[in-house]
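**Q** One structure follows; several queries about it will come next.
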Amino acid sequence: MNDRVLIHVEAAPFGGGFTLYVAQSTAQGLDVIDLGNVARHSVPENTQIPPGSVLTLSDSAARQLMDQLWVAGVRPTKVIDEQSRAGAMQAHIDDLRSVVQQALPVAIGAKS
């Protein structure tokens, strides 16, 4: 059987958040998951979440959700500073180069 989860996100009009569509493609057709009629449970603070109250997604479905949220305009609140990341990688490469130069009496990068 080739069941697959399909996820689509759209920005709601007038800044009203986002609309999430979830469906599962099955051999019989498309099963749409109605997230609008999700049951709500009130539980006291510091108690366990009732069983069955968690939405579980596969890795591929979670990636679809992230991709669709990105397409709809949602961006992460914390963005990795690529410049700092590149600097740290260069420092690591320089450290490794130093170790290799000490281990091998060869001039790295020297032209012969």
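**Q** Could you please let me know if THR19 is β-branched (Val, Ile, Thr) and either at pLDDT 80 or above or closer than 14 Å to VAL5 by Cα (or both)? Show your work before the answer.
**A** Values: β-branched (Val, Ile, Thr): yes; either at pLDDT 80 or above or closer than 14 Å to VAL5 by Cα (or both): yes.
Against the criterion (β-branched (Val, Ile, Thr) and either at pLDDT 80 or above or closer than 14 Å to VAL5 by Cα (or both)), THR19 qualifies.
**Q** How about region 32-43: which of its residues are modelled with pLDDT of 70 or more and either under 27 Å from VAL5 (Cβ atoms) or outside any loop (DSSP other than H, G, I, E, B) (or both)? Please lay out each step first, then the result.
**A** Filtering region 32-43 for residues modelled with pLDDT of 70 or more gives 32-35, 42-43.
Within region 32-43, VAL32, ILE33, ASP34, LEU35 meet the criteria.
**Q** Which residues, counting only those in region 44-81, are assigned to a loop (DSSP other than H, G, I, E, B), of a type in the set (A, V, I, L, M, F, W, C) and either at pLDDT 75 or above or touching an Asp or Glu at 6+ places or on another chain (Cβ under 6 Å) (or both)? Before you say what the answer is, go through the steps one by one.
**A** Our first condition is that a residue be assigned to a loop (DSSP other than H, G, I, E, B); within region 44-81, this holds for 44-58, 72-81.
Those still in the list that are of a type in the set (A, V, I, L, M, F, W, C) too: 49, 54-55, 57, 72, 74, 79-80.
If the condition is that a residue be assigned to a loop (DSSP other than H, G, I, E, B), of a type in the set (A, V, I, L, M, F, W, C) and either at pLDDT 75 or above or touching an Asp or Glu at 6+ places or on another chain (Cβ under 6 Å) (or both), then LEU57, ALA72, VAL74 are the ones that fit.
The values are calculated or read from the model by the stated rules, or taken from the named source; none is laboratory data. Given the structure is predicted, the values throughout are model-derived calculations rather than measurements. So basically every Cβ, Gly included, is an ideal-geometry build from the backbone, and we count neighbours across all protein chains shown.
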